[in-house]
Amino acid sequence: MRIAIFGAGAIGGFLGVKLLQAGADVTFIARGAHLDAMRAHGVTLTSGGETVTVRPHCTDSPDDAGPQDYVFLTLKAHALPSAAPQIARLLGPETALVTGINGVPYWYFHGLEGPYPGRHVESVDPGGVILRTLPPERVIATVVYPAAEVVSPGVIVHTYNDRVTLGEPDGSKSPRVLALSQLMMKAGLKSPVRPRIRDEIWVKLWGNLAFNPLSVLTGATLDVLARQPDLRAVARTMMLEAQAVAETLGTRFLIDVDQRIQGAAQVGAHKTSMLQDLERGRPMEIDALLGAVVELGQLTGKPMPTCENILALVRERARHAGGYPPRATPPAPEGT
């Protein structure tokens with residue numbers, strides 16, 4: 001089975017090593033010092049108290065890899081529009097795209113019953129370019145739970161969780177998703193196939209859409225955001241606004257909002273990925289985690305005043321840090 005990991009950083013590298021150990025022919029597509037180190041010394045993964053070094057094919061060019069059976073997309077959501085043409089070069093007639101990207105996915109309305117067939121999500125797919133370049137019928141949806149970090153170029157440490165849930169956007173149990181699930185379980189991962197994958201996407205997103213932006217605005221870690229009463233109240237209001245939107249689109253929440261917040265509190269003094277990106281001067285996943293949710297709220301006619309206010313604030317914070325496009329210049333007041 002030929003598999004490419006496009007965006008072979010921490011999570012992509014972790015999954016790639018596991019799949020290679022399970023017998024897959026894996027190509028890592030990366031760039032910069034991380035790529036140079038992997039080419040020179042292989043990929044070293046520490047996971048579950050064990051350290052291994054493997055030597056997959058590593059490249060920065062999809063043309064070196066050729067058509068694949070599965071392509072894992074493990075890059076940040078805001079990088080996908082520019083990367084889509086390169087990813088498309090990995091597609092053969094039957095290639096599946098395994099989208100392990102946080103937030104509302106670009107293919108969200110594909111295979112979803114309701115009044116919005118074929119619609120793109122502008123916040124994550126401006127102009128629908130990704131939807132046209134990477135056809136949604138190629139997609140196997142993925143919810144990725146493991147935490148991992150590139151501690152130095154070519155060296156990855158996996159800290160917790162081994163669950164990677166899979167699902168077809170239309171809810172079917174296709175041969176391709178079942179074959180991938182079997183391979184990933186052989187690799188030591190918990191990879192069930194879910195018929196309602198959007199439900200699980202929303203449960204992960206539910207916390208991220210609130211805690212990530214609030215962490216950027218406050219500098220607080222998850223335990224503080226989830227336990228300090230005033231901050232918890234803001235997060236809870238955002239989550240309830242989002243729940244109303246998701247349920248209008250057919251999502252079922254199998255836990256309640258307070259259980260989800262308690263789950264975040266139990267993670268402890270953890271910095272969210274968005275706060276880590278701010279501190280490292282990287283672009284942040286603002287639109288995938290919150291902007292797209294607000295867009296869906298506008299589409300469904302659900303009021304989201306707290307989410308809209310937090311979105312405006314976190315975008316401005318990111319602009320000052322150089323991690324978000326500049327806002328349009330407002331028009332001058334009349335009479336000036």
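The values are calculated or read from the model by the stated rules, or taken from the named source; none is laboratory data. Predicted model only: the values in this text are computed from it and were never measured. Cβ atoms come from the backbone with ideal geometry, glycine included; neighbour counts cover every protein chain shown.
On the basis of being under 19 Å from Ala77 (Cα atoms) and buried (at least 17 other Cβ atoms within 10 Å of the Cβ), does Met304 make the cut?
For Met304, the condition - under 19 Å from Ala77 (Cα atoms) and buried (at least 17 other Cβ atoms within 10 Å of the Cβ) - is not met.
Can you name every residue in the stretch 1-45 that is touching a residue at least 60 places away in the same chain (Cβ under 8 Å), surrounded by 24 or more Cβ atoms within 10 Å (Cβ to Cβ) and in a helix (DSSP H, G or I)?
Ile11, Gly12, Gly13, Phe14, Leu15, Val17, Lys18, Leu19, Met38
Residues in the stretch 270-278: is at least one closer than 28 Å to Leu112 by Cβ and not in a loop (DSSP other than H, G, I, E, B)?
Yes, because at least one residue in the stretch 270-278 is closer than 28 Å to Leu112 by Cβ and not in a loop (DSSP other than H, G, I, E, B).
Can you spot a residue in the stretch 68-77 that is of a type in the set (Gly, Ala, Ser), out of contact with any Cys (no Cβ under 6 Å at 6 or more places or on another chain) and modelled with pLDDT under 95?
yes
Please work out which residue is surrounded by the fewest Cβ atoms within 10 Å (Cβ to Cβ), limiting yourself to the stretch 183-209 and to residues that are closer than 25 Å to Gln68 by Cβ and of a type in the set (Val, Ile, Thr).
It comes out as Val193.
With the condition kept exactly as written, say whether any residue in the stretch 91-112 is within 26 Å of Leu278 (Cβ to Cβ), crowded, with 20+ Cβ neighbours inside 10 Å, out of contact with any strand residue (DSSP E or B) (no Cβ under 7 Å at 6 or more places or on another chain) and at pLDDT below 95.
Within the stretch 91-112 (the criterion being within 26 Å of Leu278 (Cβ to Cβ), crowded, with 20+ Cβ neighbours inside 10 Å, out of contact with any strand residue (DSSP E or B) (no Cβ under 7 Å at 6 or more places or on another chain) and at pLDDT below 95), the answer is yes, since at least one residue qualifies.
Can you tell me which of (1) closer than 19 Å to Ile29 by Cα; (2) outside any helix (DSSP H, G or I); (3) at pLDDT 95 or above is the one Ala83 doesn't meet?
(2)
Taking the residues in the stretch 75-89 that are out of contact with any Pro (no Cβ under 9 Å at 6 or more places or on another chain) and either in contact (Cβ under 8 Å) with a residue 40 or more places away in the chain or farther than 12 Å from Val129 by Cβ (or both) as candidates, determine which candidate is surrounded by the most Cβ atoms within 10 Å (Cβ to Cβ).
That would be Leu80.
Return the residue satisfying two criteria in turn: it lies in the stretch 167-182 and is surrounded by fewer than 20 Cβ atoms within 10 Å (Cβ to Cβ) and hydrophobic (A, V, I, L, M, F, W, C), and of such residues it is farthest from Phe109 (Cα to Cα).
Checked the stretch 167-182; the qualifying residue farthest from Phe109 (Cα to Cα) is Ala179.
Determine whether the stretch 173-191 contains at least one residue that is over 22 Å from the mean Cα position of the chain (by Cα), part of a loop (DSSP other than H, G, I, E, B) and of a type in the set (D, E, K, R).
yes
Restrict the check to the stretch 219-228 and report whether at least one residue is farther than 16 Å from Gln266 by Cα and in a helix (DSSP H, G or I).
No, the stretch 219-228 has no match at all.
Just to check your reading of the model, which residue among Val164, Val155, Val144, Val129 is within 21 Å of Gly16 (Cα to Cα) and surrounded by fewer than 21 Cβ atoms within 10 Å (Cβ to Cβ)?
Val155
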